[in-house]
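Reading through the structure tokens given below for one structure.
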Amino acid sequence: EGFRYLGYRFIPYIDRSTIRQAKAHDVAIWVGTRHFYHETMRKFKDAGVFTVLYQTEPVDSVSVDPRHPQLCPNTTVWEVAIYNEIWDYGAGNAEALNHCPGLPKARHVPAGYVKQWHQIPPRKEKVPTRLLFLGLRGVNKGREECWRLLTERIKLQKHLLNLYEIWDEESFKNLVTDDSFEDIHLSIHQNCKPVRGDVEPRWSLEPRVSQILNTRSLFISQRCHHLDEALWNGIVDFVDVQEIETAYFRLANLSASEREAEFQRRWEIFKVRFHPRAIFRRAGIRLEMRNE
């Protein structure tokens, strides 16, 4: 939608024929971490195409410091010779990356509002709620420890659910449209630490938040980088780990009509603030991108 607003035709997949047909001022975006394909992006850049790495992994905004460049991401795969810019899902991530020497310019370009997406069934009274975390718990000890602390809460433990196998649109649609539960979604950082807010939160809000909000679901997150919290204020509940239980039951104990009204309030903010056109304008993405 953002590119259509700028007048671009969108091609979702890249193959050799796409490279042969590429013209100056086209835009090629590589999404994700599989950097062993970066030579493909180099060929696009050599053809005058504006190349972008869409960065999808957490960046520690505290450890990224220009005085300690060894803590920055590997510049051999994110180098200026391959990418004109880095676009990142997190505002805190983008700010941190812009402090790293040798990296292309980073912009905050999160996923946003879409008009048509899989949505939960109409909310009904007496339908049980779950606190659902979509993600890998065992990626490190921090997230596992925070999850363990949540499961020790007697009132909360029966409502907790963790899923990691939702990897395609059909699985996601089946999850969303199941009317036997209403899911309130939870985000826990990979490097979660169960501390109260006396420590500056270091991590950006996870990239799937827009996908979840477009289903008309409510969302709770562990505290995030201050730039992300400011942007998502009024849409996502940001709380310390110790306050997740309280935040969940505040929403779960509402009636179905009250939860719908609460979501509608958030939805009106989300679809304006995170409309693709608004995202592109805020990021400063203009119509003509050139290899400069």
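Subtracting the Cα-Cα distance of Asp178 and Thr18 from 0.36 nm times their residue separation leaves 53.7 nm of extension gain. Spin-label model, Val127/Ala230: points 7 Å from Cα along the beta carbon direction are separated by 3.7 nm. With a cut-off of 12 Å between beta carbons, the residues surrounding Leu160 carry a summed charge of +3, where Lys and Arg count +1 and Asp and Glu -1. Taken over region 82-239, lysine pairs spaced eight or more positions apart, or on distinct chains, with alpha carbons under 18 Å apart number 4. Positive contributions from Lys and Arg (+1) and negative ones from Asp and Glu (-1), summed over other residues with Cβ under 15 Å from the Cβ of Gly138, come out at +1. Between Glu57 and Arg250, the contour length at 0.36 nm per residue exceeds the alpha carbon distance by 66.4 nm. Judged by the ratio a/c of the largest to the smallest principal axis of the C-alpha gyration tensor, region 167-292 counts as oblate, that ratio being 1.5 or greater while a/b is no larger than b/c. For region 220-290, the Cα-based Rg and Dmax, in that order, read 15.7, 53 Å. Quote the FRET efficiency, to the nearest 0.05, computed for Thr151 versus Arg277 with a Förster distance R0 of 41 Å and r equal to the Cβ-Cβ distance. According to the calculation, E is roughly 0.45.
Any read-out appearing in this document is the output of simple, stated calculations on the displayed coordinates, not a laboratory observation. As the structure is a prediction and not an experimental result, all values here were calculated from the model. Because the Cβ atoms are built from the backbone with ideal geometry, glycine has one as well, and the counts that use them run over all protein chains shown.
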